[in-house]
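> Below: one structure in structure tokens.
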Amino acid sequence: MTELKHQTPLIDELEKGPWPSFVKEIKKSAKSAAVQDLLGVLERSYEEKRGHWKHGGIVGVHGYGGGVIGRYTDLADEFPGVAEFHTMRINQPSGWFYTSKALRTLSDIWEKHGSGLTNMHGSTGDIVFLGTTTPELEPTFKDLTDAGFDLGGSGSDMRTPSCCCGPARCEWACYDTLNFVYDMTQTYQDELHRPAFPYKFKIKAAGCANDCVAAIARADMSVIGTWRDNIQIDQPAVKEYAESGKLDLQKDVCDRCPTKCMSWNGKALSIDNSNCVKCMHCINAMPKALSPGKDRGATILIGAKAPIIGGALLSSVFVPFIKVEPPYDDFKELIAAIWDLWAENGKNRERVGEFIQRIGLGNFLEQIGLEPIPEMISHPRANPYIFYEA
Amino acid sequence: MEDLSVEKVAETMYGMVKDYHGKKNLKATDLTKAMIEQFGEACDKQKCKEAIRVIIDDGRCTYSYVGGSYIVLNPDYHPAS
Ligand code: SF4
Ligand code: SF4
């Protein structure tokens, strides 16, 4: 390992234990002055219990308002290697599928122009390149575009849409998440690269309610796969589960169904599908015996956010069931209506979920032309914002 | 004003960014609202979007991030004239 320039007794503690350590990984890449000084700044932050980074400003590639996050340390004299340590976000392929050649290409580009440190992937889903200087931004961008990659979103724009691996690897996918996200990414190139919103807007696509991309907790618009007919049951396979002794059908499956709509009489499993909320629990428990219905589509939810400003929000159901088929015109109409209203009336740094809370769901729905429906109510009598007239 | 061109909107937007420079940061929506107010029906959001593209792509303006994304004068813009 390369000899370290700075003593780092505090962060060395984070190398101990059996779990992965980001300090260990950074040290492995400590060939450059930038990474050496990054370790120095990090140690200083642990000593002083405060961060030494500023971000923002005018920094980016020509024509784009997103994809580059300017980062600078306020200790540039002491740690000149990270005086500028900008982050670049690269639009990941749908479902994060790479060839090893593509990964090598990305790594080569980043070792040539930046620190070599990456974060695979950021919480939005992008490939994150950590640490470069302003003069290296355009050359990095050129090499990326020559290799077929583009920058992702940042700032007040549509962030890079992301999705689970969907039908490419998962039999539970209720729609083609990969194609949906590819289409959204191509359709909204302008919104992705040219920030024009009050704040960020994230679209995440999950093929089923397992929500492997955590859409419901993070995305302004979550598209979560579901079905509207009956769960498919293979009764002999159910029996096999019961006889295997590995699963207690009553205790582990039926009793854990959130709506208690399943029953097991020792011979057959029955489901009252009209009360099934498509939570995926039983299917996860018995994947060989149960699978989503055949009439598949998605639920659209709006308004989640992680707690950067204000508190966290989970998203709320807007459209309980929609077929997800190209060219996705219904989605695009809904997105256009939401963006129009929010862009015109949202406050600076107000996410769409917060905007809805401020103006009231009833007003929001009226403005975008959606009818209120019972599925939008999370708890009976707890959501006073919709007034039903007899 | 039927034939309001994108270039005319871009020029007016650029003037606005110059006027506000150092006083207030403007967002894409601020510029769009101001143009629609000034030019009325001859202007629309699409035209404003294209005009923003013009002033960014020709280098007169650039994006800046100060707790949100703004359109500002490009400090590196040095027209040949
Ligand atoms: S969200 Fe559902 S469909 Fe997508 S990968 Fe996870 S389990 Fe499969
Ligand atoms: S999907 Fe969920 S709600 Fe539906 S039957 Fe299975 S456990 Fe019950």
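The values are calculated or read from the model by the stated rules, or taken from the named source; none is laboratory data. These numbers were taken from a predicted model, which means no experiment stands behind them. Please note: Cβ atoms are built from the backbone with ideal geometry, for glycine as well, and neighbour counts cover all protein chains shown. Please note that ligands, DNA and RNA were not included when accessible areas were found on the heavy atoms of the full protein model with its side chains. Shrake-Rupley method; radii C 1.70, N 1.55, O 1.52, S 1.80 Å.
> With only Lys, Arg, Asp and Glu charged, each at its Cβ (+1 for the first two, -1 for the last two), find how big the charge dipole of the protein assembly as shown is about the Cα centre; round to the nearest 20 debye.
It comes to approximately 1140 debye.
> Please give the average number of partner chain Cβ atoms lying within 10 Å of the Cβ of each residue in A:54-61, rounded to a whole number.
Per residue, the average neighbour count from other chains is 4.
> Return the sequence-ordered ³J(HN,Hα) values of the stretch B:14-19 in whole Hz as given by the Karplus equation 6.51 cos²θ - 1.76 cosθ + 1.60 applied to θ = phi - 60°, using x for Gly and Pro.
Values, residue by residue: 4, x, 5, 4, 5, 4 Hz.
> Now a separate question. Provide A:165, A:174 ordered by accessible surface of protein heavy atoms (probe 1.4 Å), highest first.
Ranked list, largest accessible area first: A:165, A:174.
> Give, in whole angstrom and from largest to smallest, the semi-axes √(5λ) of the equivalent ellipsoid of the protein assembly as shown, with λ running over the eigenvalues of the Cα gyration tensor.
42, 33, 20
> If we count every other residue with Cβ under 12 angstrom of residue A:281's Cβ, Lys/Arg +1 and Asp/Glu -1, where does the sum land?
+1
> Okay, moving on. So, for the protein assembly as shown, what is the accessible surface per residue at a probe of 1.4 Å, expressed in square angstrom?
50 Å²
> Using a 10 angstrom cutoff on alpha carbons, build the Gaussian network for chain A and name the most mobile of A:153, A:362, A:116.
Of the options given, A:362 has the highest mean-square fluctuation.
> Another question about this same structure. For chain A, set up a Gaussian network in which alpha carbons nearer than 10 Å are linked by springs, and say which option among A:271, A:300, A:224 fluctuates the most.
Among A:271, A:300, A:224, the largest mean-square fluctuation in the Gaussian network model of chain A belongs to A:271.
> Over the stretch A:208-353, what is the relative contact order in whole percent, taking alpha-carbon pairs under 8 Å and six or more residues apart?
31 percent
> Just the isolated ones, please: cysteines in chain A lacking another cysteine beta carbon under 4.7 angstrom.
A:163, A:165, A:170, A:174, A:208, A:254, A:257, A:261, A:276, A:279, A:282
> Moving on to the next point. Taking the alpha-carbon set of the stretch B:6-73, what are its Rg and Dmax in Å?
Using the Cα atoms of the stretch B:6-73, the pair Rg, Dmax is 11.0, 33 Å.
> While we're here: Counting only protein heavy atoms, what percent of the accessible surface of the protein assembly as shown is carbon or sulfur at a 1.4 Å probe?
Roughly 51 percent of what the probe reaches on the protein assembly as shown is carbon or sulfur.
> So, one more: Please give the helix B:45-57 orientation as an angle from the longest Cα principal axis of chain B, in degrees from 0 to 90, rounded to the nearest 10.
Relative to chain B, helix B:45-57 is tipped by roughly 30 degrees.
> Also, quick follow-up: Hey, can you grab everything whose amide H is under 5 Å from the amide H of residue A:117? Only 5+ residues off in sequence or another chain; H modelled, so Pro and N-termini drop out.
Hits under the 5 Å cutoff: A:130.
> In addition: When Cβ neighbours within 10 Å are restricted to other protein chains, what is their mean count per residue of peptide B:68-74?
6
> Another question, then. Restricted to Cα positions, what overall size does the stretch A:1-110 have along the principal axes? Three whole-Å values, descending.
Projected onto its principal axes, the Cα set of the stretch A:1-110 covers 40, 36, 22 Å.
> If you don't mind, there's one more thing I want to ask. How far is the Cα center of the stretch A:73-141 from the Cα center of the stretch B:11-81, in Å?
Centre-to-centre (Cα) distance: 29 Å.
> Find the centroid of the Cα atoms in the stretch A:189-243 and in the stretch A:32-70, then give the distance between the two in whole Å.
What the calculation gives is 33 Å, centre to centre.
> Could you work out the per residue convex hull volume over the alpha carbons of the stretch A:237-390, in cubic angstrom?
170 Å³
> Remind me, relative contact order of the stretch A:103-167 in percent, using alpha carbon pairs under 8 angstrom and six or more residues apart?
28 percent
> Over the protein assembly as shown, what is the percentage of antiparallel beta bridges among all DSSP beta bridges, to the nearest 5?
85 percent
> Among B:41, B:11, B:50, determine the one that fluctuates most according to a GNM of chain B built with springs between C-alpha atoms less than 10 Å apart.
Highest fluctuation of the listed residues: B:41.
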